[in-house]
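Undergrad: One structure, as C-alpha cells, below. Some questions next.
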Amino acid sequence: MRTLIISDVHANLAALEAVLSAATPFDSAWCLGDLVDYGPDPNECVERIRNLPRLTCITGNHEAAVLEMLAIESFNGDARKSALWTAKQLTDENRQFLLGLPETAAVSQVSLAHGSPRFPVWEYVLDTQTAAENFHHFETPICFVGHSHIPLIFYKNGFEHGTEYLILKDQNVLHLEGKSIINPGSVGQPRDGDPRASFAIFDTDTNTWQQYRVEYDIKSVQKRIRDAGLPHNHANRLSSGS
Ligand code: ZN
C-alpha cells in the first residue's frame, strides 16, 4: 500500500496542497502531529488532513499547547502568541478532532510518535545516543517520528551494533530493514536549510521509503502570516527553511 507520510504541517495550507498534489495517488496517509500553530490556516489544514484516505493521525506538542492541555506558559513569547491565536480560530469540530488524537499509534508493523517513542509529545530524536535509548521503547521494527523538522533516519549498524544516522535528501530511496527511527521532515516549517515542503511515501508491502521535497508559494504564506498579526519570525524563517 502506498502511504503518504507527513508531519509538522503547522497550518501551512499552501505547502500541504503542494505535497498532496505531488504525492497523489496514495492509498493511505499517516500524519505525525503538529497539524496547527505558526501558520495562517489551522482549520483548513485540519479539515484537509481529516479527510485523507485511511488516515492514521497522532497528536503533537503544538496540539497540546493550543488545546491548553499543557501550560501555555511553557512556550516562549512568539510561540505563545501564535498558540493563543490558533486556539481562537479553531472551530469546535476541529478542536474535537484534535482532542481525540492519540499520542502514539502502531499500524502495518510501524510505530508512530510525534517526538519519540519514549516521550511521544516532547522529546527530540536528533542524536545517536537519544535514538539508541529509544530503540528499546517500541515493539515494531520501525518507528516514524516528527517534531525536529529534520528529515533523517537513525538505524542500528548490524555489524558493530552501534547507531548511525543519515540526513535524507529529495529522491532518497531506502529499503527499511532492522530497527530504525525515521523522520519525514516538515511539510509547513522545514528546518534543515531547504525551504521546500518535505514528505515521504512509504510502501507498506516492500518497506520502501522515498523522500521528497516540493516547492510551494512561500511568499503568499508569509504575507498571510503577517496579515493575520502572527509573529513575523514564523513567516521569515520559511524563506531559509531554518
Ligand atoms: Zn513542529
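Undergrad: Add -39500 (n - 2.57) for each DSSP H run of 4 or more in the chain, then divide by its residues: what number comes out at 222 nm, to the nearest 500 deg cm²/dmol?
TA: After summing the helix terms and dividing by residue count, I get -8500 deg cm²/dmol.
Undergrad: Please compute the length gained on full extension between L84 and E215, using 0.36 nm multiplied by the number of residues separating them and subtracting their Cα-Cα distance.
TA: Numbers: separation 131, 0.36 × 131 = 47.16 nm, distance 2.90 nm.
My answer for the length gained is 44.3 nm.
Undergrad: Let me make sure I get this right: for region 1-81, a, b and c are the square roots of the gyration tensor eigenvalues over alpha carbons, sorted descending. Under 1.5 in a/c it's rounded, otherwise prolate if a/b > b/c, else oblate. Which is it? Show your work: numbers first, answer last.
TA: Details: a/c = 2.89, a/b = 1.94, b/c = 1.49.
Verdict is prolate for region 1-81.
Undergrad: Under unit Cβ charges (Lys, Arg +1; Asp, Glu -1), what dipole magnitude, rounded to 20 debye, does the chain have relative to its Cα centre? Numbers along the way, then the final one.
TA: Values: 20 positive and 30 negative charges, 95 e Å.
It works out to roughly 460 debye.
Undergrad: Something else: Rounded, prolate or oblate: which fits region 105-177 when a ≥ b ≥ c are the square roots of the eigenvalues of the alpha-carbon gyration tensor, with rounded for a/c under 1.5 and prolate only if a/b beats b/c? Walk me through the intermediate numbers first.
TA: Working: a/c = 1.23, a/b = 1.14, b/c = 1.08.
It comes out rounded by the Cα gyration axes.
Undergrad: While we're here: At 1.4 Å probe size, with every protein chain present, just tell me what the per residue accessible area of region 1-101 comes to in Å². Numbers along the way, then the final one.
TA: On the way: 3830 Å² over 101 residues.
Averaged over the residues of region 1-101, the accessible area is 38 Å².
Undergrad: How many percent of the accessible area of region 51-154 is carbon or sulfur, using a 1.4 Å probe? List each step's numbers first, then the result.
TA: Values: 2390 of 4760 Å².
Carbon-and-sulfur percentage of accessible area, whole number: 50.
Undergrad: How long is the gain from H161 to N233 if the chain were fully straight, where each residue apart is worth 0.36 nm and the alpha carbon distance is subtracted? Working shown, then result.
TA: Values: separation 72, 0.36 × 72 = 25.92 nm, distance 4.17 nm.
Additional length available on full extension: 21.8 nm.
Undergrad: May I pose another question? Is region 50-157 best put as rounded, prolate or oblate by its Cα gyration tensor, with a ≥ b ≥ c the root eigenvalues, rounded for a/c under 1.5, and otherwise prolate when a/b is larger than b/c, oblate when not?
TA: Values: a/c = 2.58, a/b = 1.49, b/c = 1.73.
It comes out oblate by the Cα gyration axes.
Undergrad: Report, to the nearest 10°, how far helix 218-227 tilts away from the longest principal axis of the Cα atoms in the chain, using its own Cα long axis and a range of 0 to 90°.
TA: Value to nearest ten degrees: 40.
Undergrad: From Cα coordinates alone, what are the radius of gyration and Dmax values for region 115-242 in angstrom?
TA: So, for region 115-242, Rg and Dmax equal 16.1, 54 Å respectively.
Undergrad: Additional query: Taking only protein heavy atoms and a 1.4 Å probe, what accessible area per residue, in Å², does region 183-242 have with all protein chains in place? All intermediate terms of the calculation are to be shown ahead of the outcome.
TA: Working: 2390 Å² over 60 residues.
On a per-residue basis, region 183-242 sits at 40 Å².
Undergrad: Taking only Cα atoms, what is the 0 to 90° angle, nearest 10, from helix 13-23's long axis to the longest principal axis of the chain?
TA: Tilt of helix 13-23: around 30 degrees.
Undergrad: Still on this model: What angle, in degrees between 0 and 90 and rounded to the nearest 10, separates the Cα long axis of helix 77-89 from the longest principal axis of the Cα atoms of the chain?
TA: With rounding to tens, the tilt is 80 degrees.
Undergrad: Determine the dipole magnitude for region 48-138: charges of +1 sit on the beta-carbon of Lys and Arg, -1 on that of Asp and Glu, nothing else is charged, the reference point is the Cα centre, and the result goes in debye to the nearest 20. Kindly include the intermediate steps, with their values, before the conclusion.
TA: Values: 8 positive and 10 negative charges, 73 e Å.
Here region 48-138 has a charge dipole of around 340 debye.
Undergrad: Still on this model: Along the charge dipole of region 96-202, which of A113, G188, I153 sits closest to the positive end, that is, farthest toward it, with unit charges on the beta carbon of Lys, Arg, Asp and Glu (+1, +1, -1, -1)?
TA: It is G188, whose Cα lies furthest towards the positive end.
Undergrad: Could you order the peptides 10-17, 181-188 from most to least packed, using the average number of other C-beta atoms within 10 Å per residue? Please report the intermediate quantities before stating the final value.
TA: Values: 10-17: 25.8, 181-188: 28.2.
Peptide ranking by packing, descending: 181-188, 10-17.
The values are calculated or read from the model by the stated rules, or taken from the named source; none is laboratory data. For clarity, every value in this text was computed on a predicted model and none was experimentally measured. With ideal geometry, Cβ positions are generated from the backbone for all residues, glycine too; neighbour counts draw on all protein chains shown. With ligands, DNA and RNA removed, areas are computed over all heavy atoms of the protein, side chains included. Shrake-Rupley method; radii C 1.70, N 1.55, O 1.52, S 1.80 Å.
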